[in-house]
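The values are calculated or read from the model by the stated rules, or taken from the named source; none is laboratory data. Please read these numbers as outputs of a predicted model, since none were measured by experiment. Cβ: placed from backbone, ideal geometry, glycine included. Neighbour counts: every protein chain shown. What goes into the accessible areas is simple: the full protein's heavy atoms, side chains included, and nothing from ligands, DNA or RNA. Shrake-Rupley method; radii C 1.70, N 1.55, O 1.52, S 1.80 Å.
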Amino acid sequence: MLIKASTPSSVLLVCLGNICRSPTAEEIFRQQAAIAGLAMKVDSAGTGDWHIGHKPDERARRHAKAHGYNINKLVARQVSADDFRNFDLILAMDAQNLADLQVLKDSIADTNDSANITTKPLAKLALFSEEDPTYGGDDVPDPYQGDGQAFEEVIERIESSAQAWIESWKTV
Ligand code: 4NP
């Protein structure tokens, strides 16, 4: 497959807890990138710190497994300043995650400016649904307080939006 020169070589998926949406997105993105023949580092993290070191939520693991995605081995972590230096693209599951990431990115840029540090550009930030013709602009809704249907919707939306990003990197 021919890909655009601007295709990122590393993508970080971010939600609030890193136990429901973003670990699911990490595995779906990894599988879809592999199928498309894209060599890409894929990881996930949360903006919050409550679940650091935890496995994905049991409901997320069960629903993912039913769709062929094994997320049992993933371990939650919190997003860090280094992530903005180590990833080309950081994708937020919802608008609040995106706003929180933007604050963090701005503070890193300000710190670099005041210390006169020039680095390679910090990671580009975007909403996970940004390229998706079906769900573009929507949040991947937080399923934590939801039922089984909420977890199914997470998978449906993530499959769709991940595919849209990969399509956007193919040359026509
Ligand atoms: P996630 O879901 O952001 O998709 O991992 C959540 C997990 C935990 C909490 C909120 C959302 N929490 O409040 O602990």
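Here is how the numbers come out for the structure above:
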quantity: Accessible surface of the chain, 1.4 Å probe, proportion on carbon and sulfur as whole %; calculated: 51 percent
quantity: Estimated dipole of the chain in Debye, rounded to 20 [Cβ of Lys and Arg +1, of Asp and Glu -1, Cα centre]; calculated: 740 debye
quantity: Value of [θ]222 nm, deg cm²/dmol, for the chain, DSSP H segments ≥ 4, -39500 (n - 2.57) each, nearest 500; calculated: -13500 deg cm²/dmol
quantity: Mean Cβ neighbour count within 10 Å, used as a protection proxy, ranking 82-92, 20-30, 135-145 highest first; calculated: 20-30, 82-92, 135-145
quantity: Under 5 Å, built H, 5+ apart or other chain: amide partners of S10; calculated: K41, D88, L89
quantity: Cα extents of the stretch 24-82 along the three principal axes, largest first (Å); calculated: 34, 30, 14
quantity: Cross-link pairs beyond the 29 Å C-alpha cut-off, checked among K55/K105; K73/K124; K65/K124; calculated: K65/K124
quantity: Rg ratio (alpha-carbon, reference 2.2 N^0.38 Å) - the stretch 71-172; calculated: 1.24
quantity: Unit Cα scatterers, Debye sum, the stretch 2-171: log10 I(q)/I(0) for q = 0.19 Å⁻¹; calculated: -1.24
